[in-house]
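One structure, pasted below without further comment.
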Amino acid sequence: MVKTIFPSINGLRAISILIVIVYHLSLMQKPQATVDHNFFLTAVIEFFTDGHLGVNIFFLLSGFLITSLLLWEEVETKEISLKKFYIRRFLRITPAYYFLLLVYFALQQLHFISIAPSSWLTALTYTKYLNWQNEWLTSHAWTLSVEENFYLFWPLIFLTGPKLRKWLCVFLIAAVPMVRTFIYHHPVSWIDELSLFTRIDAIATGCLFALYKDEMIERLSKHWKIYFYGALVLLFFLRFIPQGFTYIGLDKLNVLFIPLGLTHGTLANFLIGVIFFFSVFGPQGLWFKFLNLKVMDFIGMLSYSLYLWQQILVSESRIWFTQFPQNIFFLFVVASCSYYFIEKPFLKLKSRFSA
């Protein structure tokens, strides 16, 4: 089993992918029962079916881990190897993803599925955030395209030194609210909430947390539990704050959430960061032990393959093995095969290019 460089990371990945899967299940299965009469139960369901939140957890973890590795490489070798970085990134993401696309291609040739040429183009070139709306099977690749576009230039900026890399993170985090405000008042057809230009701040926040890791641990460690529970409660109820403002007659304050967003916006990213730091560097209590259970570690280990394959197994298809609950069983079977036969061999090869 491939271990992560920090504890709890796979546990957080497990939570992220489970939220995304449950979200897609809620879209495709279209449950008939409603719980609108029960606010708390509605809040719980909305929290655990918030796919945007699940993705942003992934984004923040990715930014933190990649930047931490670059920092360690800089300390150990006194330089950053761009060649090795891009090779590692390619081996981590592309083989498993392109294998999925190869299976899609075979299924299309057999007339089981249909993917438009424009969708193939954006899927193959990591530009899916430009036209994710066209069809379901490759739409989830928008997250990969956001990450891969970011990591094309991040190591180049990293080479410029500590000052500029920090300022870039701050710039991206500040720029996204401005983009959100602009497209709210002046809609742009190819920029929405699943775009590089509105979600890159989540990765940048993870990078910034890595750059200021020691300072943040020192500050948060003085009141670990207060920060953790405060961030968790605020993140849980964040989606309802606009409704609360409207209820008490302060609906004009809702304009604040146009730039900041809700559970996938700027404020939510920092709350996720606080929860992440508590999970990894905080007290090793029940939450820490839960995240590091073997089952959580296993699900987190499979998270990338689960993310890739859930789109075809959690769908509107009427085929038996795509129906709940058996589709979850088949998803884990397929994801396990993808991990052990595709991902893991390339991860071993990737380790040869570590600093």
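The values are calculated or read from the model by the stated rules, or taken from the named source; none is laboratory data. Quantities reported herein were computed from a predicted structural model and do not represent experimental measurements. Using ideal geometry, Cβ is built from the backbone for each residue, glycine included, and neighbour counts are taken over all protein chains shown.
Which residue pairs have Cβ atoms under 7 Å apart, sit 6 or more places apart or on different chains, and have a first residue in the range 108-136 that is under 13 Å from V146 (Cβ atoms) and a second that is assigned to a loop (DSSP other than H, G, I, E, B)?
T122/N131; K128/T138; Y129/L194; Y129/S195; L130/W190; W132/L194
Sticking with this one: Counting residues that are at pLDDT 95 or above, which helices (runs of 4 or more DSSP H) fully inside the range 241-355 reach at least 1? Steps first, answer last, please.
On the way: elements: 241-247, 257-260, 266-281, 286-291, 294-301, 303-313, 326-338, 344-351.
Counting at least 1 such residues, we get 266-281, 286-291, 294-301, 303-313, 326-338, 344-351.
Right, next: Looking only at the range 196-210, decide whether some residue is more than 18 Å from the chain's Cα centre (by Cα) and either surrounded by 12 or more Cβ atoms within 10 Å (Cβ to Cβ) or not charged (D, E, K, R) (or both).
Checking the range 196-210: not a single residue is more than 18 Å from the chain's Cα centre (by Cα) and either surrounded by 12 or more Cβ atoms within 10 Å (Cβ to Cβ) or not charged (D, E, K, R) (or both).
Any idea which of S119, S62 is surrounded by 15 or more Cβ atoms within 10 Å (Cβ to Cβ), closer than 26 Å to L172 by Cα, in contact with a helix residue (DSSP H, G or I) (Cβ under 7 Å, 6 or more places away or on another chain) and among the hydroxyl-bearing types (S, T, Y)? Can you show your working first?
On the way: S119 fails: closer than 26 Å to L172 by Cα.
Just a single option satisfies the conditions, and that option is S62.
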